[in-house]
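Rule-based calculations on the coordinates, nothing more; no lab input. Predicted, not measured: the structure shown is a model, and the values here were computed from it. Cβ atoms come from the backbone with ideal geometry, glycine included; neighbour counts cover every protein chain shown.
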Amino acid sequence: MKHFTQFDDKNMAAALIEQALAFKSNPRKYADLGRGKRLGLIFLNPSLRTRVSTQIAASNLGIESIVLNMDKESWALEMQDGALMNKHTVEHIKDAAAVLGSYFDMLAIRAFPSLTNKTEDSDDFILKQFIKYANIPVVSLESAIRHPLQSLADMVTIQENLRNKPRPKVVLTWAPHIKAIPHAVANSFAEWSLGCGYDLTIAHPEGYDLDERFTAGATITHDQDEALRDADFVYVKNWSAFHEYGKIIHVDQPWILTEKKLEKSPEAKVMHCLPVRRNLELSDEILDSPRSLVQQQAHNRIYAAQAVLHRIIS
Ligand code: CP
């Protein structure tokens, strides 16, 4: 594997899930495999889980990791090729990525979307600029349009809770939020769920359709109650509008998930990538209940990252 930026194919996903579960049972099995290798963790945006879980994953493999919070601690980057840099940007991505590529054996990048430039965001422009100029393997720590390490951890978590159902009903349901939130987690969760062969339903209010590149093959509805019926897994996530790009069309509190809404899906487990705004996106009642898999998902981030790093250095 050279880069890890998206769902590749079902076989690769199955192998990564299996490897992640193996690392969960024996995290230090290949404790020396990465000895002498160095991973640069480059953050253009904040993080708790992604940052710490990937550092632990690297440590479990003997890989040295160095974090650079580029948004706070480094130079303001120019991303456009050919730019006249006479405004606020100080260093070109062409130079910065090439330098980082010479310092590290692999890079991991977090670069959120602008939510204002739909063309660049949809093309994953910043991530691609890093890949273009770093010239070493790159792992996405959440890009403008995808969060593949989160989705791999989510697939591991589903695998652990399948209860012998080869094709579970998985529901991705929109949740209220007061801020314009990226589409990456929702896109990726749809991409991986469909790629793994799950029966995916996506429920959202009108105006919140996701990019069809990620949702083709899913059942899409505005009827949340119908979507939730007989669900095995309910993934709760907010995202801003895609067609009216980056807009909050409404903060529709009736879309918050409650126990009452899950009456017709008694076995349903509830997932969220975290961080979550309690009682806005998801209620205490659900988050603190036995249905909630959120802590298991967050814990599995370690083994998802470890499986990916292991694949890159093997
Ligand atoms: N779920 C997730 O990516 O969490 P962080 O933003 O804290 O890394």
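Descriptive notes on the structure:
- Of the numbered criteria (1) in a helix (DSSP H, G or I); (2) touching a residue at least 60 places away in the same chain (Cβ under 8 Å); (3) away from the ligand (no atom under 16 Å from the Cβ), the one Trp192 fails is (3).
- Residue pairs whose Cβ atoms lie under 6 Å apart, sitting 6 or more positions apart in sequence or on different chains, and linking a residue in region 137-152 that is farther than 13 Å from Ser193 by Cα and in contact (Cβ under 8 Å) with a residue 24 or more places away in the chain to a partner that is within 13 Å of the ligand (Cβ to nearest atom) and part of a loop (DSSP other than H, G, I, E, B), are Ser143/Ala111.
- Test: residue in region 90-109 that is free of Cβ contacts under 8 Å to residues at least 60 places away in the same chain, under 24 Å from Ala298 (Cβ atoms) and of a type in the set (Lys, Arg): no
- Considering (1) farther than 29 Å from Ile63 by Cβ; (2) aliphatic (A, V, I, L, M); (3) crowded, with 24+ Cβ neighbours inside 10 Å, the lone condition that Leu287 does not fulfil carries the number (3).
- For region 68-111, taking the residues that are closer than 26 Å to Asn26 by Cβ and not small (Gly, Ala, Ser), the one that is farthest from the ligand (Cβ to nearest atom) is identified as Asp105.
- Among (1) in a helix (DSSP H, G or I); (2) without any contact (Cβ under 8 Å) to a residue 60 or more places away in the chain; (3) within 16 Å of the ligand (Cβ to nearest atom) - the single one Gln296 does not satisfy: (2)
- Test: residue in region 140-148 that is within 16 Å of the ligand (Cβ to nearest atom) and surrounded by fewer than 22 Cβ atoms within 10 Å (Cβ to Cβ): no
- The numbered conditions (1) part of a loop (DSSP other than H, G, I, E, B); (2) within 21 Å of Leu280 (Cβ to Cβ); (3) touching a helix residue (DSSP H, G or I) at 6+ places or on another chain (Cβ under 6 Å) are all true for Gly217 except (2).
- Subset tally (residues that are part of a loop (DSSP other than H, G, I, E, B) and either of a type in the set (Val, Ile, Thr) or on the phi < 0 side of the Ramachandran plot (or both)) for region 70-102: 14
- Number of residues in region 1-57 that are exposed (fewer than 14 other Cβ atoms within 10 Å of the Cβ), without any contact (Cβ under 8 Å) to a residue 60 or more places away in the chain and within 16 Å of the ligand (Cβ to nearest atom) equals 1.
- Test: Ile63 is more than 16 Å from the ligand (Cβ to nearest atom) and touching a Lys or Arg at 6+ places or on another chain (Cβ under 7 Å): yes
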